[in-house]
Amino acid sequence: MAWNGISGVLDGKIPEYALEYSRPGPHKTAWFEMTVHPLSRPEGGAVITHLDITRRRESELEAERLLQELAHVTRVTMLGNLRVLSRMNSANRWPRC
């Protein structure tokens, strides 16, 4: 996969290439982003960079987890509200305005 992107940039078939990938470590998984940019010179070539994006990925995963948790709490709250409204309706105990 990475080689196809690198060769695509080197051959001029694609303008740039980026790939995020993970590597297991002794304590946790590390995440990296590789980018490939062509060099503008007659003999060609490319600059390949690798950035450690572990903190960013962990933050994204935590945000996703929190959104799922919020969605669950919202569903549970909605069900509780519906149950209260159902009981109030069956007992004709609506508050007067």
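The values are calculated or read from the model by the stated rules, or taken from the named source; none is laboratory data. All values reported here derive from a predicted model rather than from experimental measurement. Heads up, the Cβs are rebuilt from the backbone with ideal geometry, glycines too, and the neighbour counts pull from every protein chain shown.
Some values worked out for this structure:
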| read-out | value |
| --- | --- |
| Strands (runs of 3 or more DSSP E) (entirely within segment 12-97) containing at least 1 residues that are in the same structural domain as Met1 (by TED's automatic domain parsing) and in contact with a Leu (Cβ under 9 Å, 6 or more places away or on another chain) | 29-38, 46-52 |
| Segment 29-57, residues that are out of contact with any helix residue (DSSP H, G or I) (no Cβ under 9 Å at 6 or more places or on another chain) and either loosely packed, with under 13 Cβ neighbours inside 10 Å or of a type in the set (A, V, I, L, M) (or both) | Leu39, Ser40, Arg41, Pro42, Glu43, Val47, Thr49, His50, Leu51, Asp52, Ile53, Arg55 |
| Within segment 6-17, tally of residues that are touching a residue at least 12 places away in the same chain (Cβ under 8 Å) and surrounded by 12 or more Cβ atoms within 10 Å (Cβ to Cβ) | 5 |
| Condition check for Asn92: more than 27 Å from Asn4 (Cα to Cα) and loosely packed, with under 10 Cβ neighbours inside 10 Å | yes |
